[in-house]
Amino acid sequence: MIATRELTSGTQRTLLRELLRNRDGVTVDALTRALDISRNAVRQHITSLERDGLVARGKTQPSGGRPQQLYVLTSEGEELFPRQYSWFSEMLLQMLRGESGSAGLEQKLAEMGRAVAGSLQARLAREGDLNARIAAIADILQELGYDAAAKERDGELQIEAHNCVFHKLASQHPEVCSFDLALLSSCSDSEVEHSSCMVRGSDACRFRFLARGRPLPADGGSAPGD
């Protein structure tokens, strides 16, 4: 997976911006003129950016002699430029809450969580028991950016996440947590207790997995003091 690393080189930022502005691709010669550096320097930057998955080879274009290679920005490279996903998501949540109320928004987000879980069932089907599923789910969350791991706690395997990928949204719309809970519950085929939550001031989000039919705490899963 591509690391959305910071580009310490201003030259690399300029090179990527040239590719962003020229979607069909740019040749080494054109980049040399745009960046005002040598062809060798351009090739070195391209090699580095290709290795990181930010730049790829596109088509070739005729030049009157040997065809020239075009270089293009990958989707991962585009993600290095500012996006307003959080702002757009917040508008959608506000609209859904206005139309359906808090309970309706929770229901919609839970449906989304279950739908995502359905797409993961083939990957999880080979896991024989609950603990194996919990470990596999933690790996999936890690891939999604949650900084999650399966950890033994109080004599049972739990998932602990140190990066809430929806933190800003969840702070303003607590209903967002219903997405995580529905996703984890459907993936594990168990009841899930959200025993601690970063939005409520904890150092991590922790999730317990309980057998179906075992009652959850009366407060919906928050740990004392959270």
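The values are calculated or read from the model by the stated rules, or taken from the named source; none is laboratory data. As the structure is a prediction and not an experimental result, all values here were calculated from the model. Cβ placement follows ideal geometry from the backbone for every residue including glycine, while neighbour counts extend to all protein chains displayed. Protein only, heavy atoms only, side chains kept; ligands, DNA and RNA dropped before computing areas. Shrake-Rupley method; radii C 1.70, N 1.55, O 1.52, S 1.80 Å.
Among the strands (runs of 3 or more DSSP E) confined to the stretch 94-211, the ones with at least 1 residues that are farther than 26 Å from Q84 by Cα and among the aromatic types (F, W, Y) are located at 205-210. Checked against (1) touching a strand residue (DSSP E or B) at 6+ places or on another chain (Cβ under 8 Å); (2) over 30 Å from E143 (Cβ atoms), L16 meets all criteria but (2). The sole residue among Q69, Q84 that is without any contact (Cβ under 8 Å) to a residue 60 or more places away in the chain, surrounded by 14 or more Cβ atoms within 10 Å (Cβ to Cβ) and not aromatic (F, W, Y) is Q69. Residues that are closer than 18 Å to G113 by Cβ and open to solvent by 70 Å² or more (accessible area, probe 1.4 Å) within the stretch 135-162 comprise D139, Q142, E143, L144, listed in sequence order.
When the stretch 16-57 is filtered for residues that are under 27 Å from the mean Cα position of the chain (by Cα), open to solvent by less than 60 Å² (accessible area, probe 1.4 Å) and among the β-branched types (V, I, T), the ones remaining, listed by number, are I46, V55.
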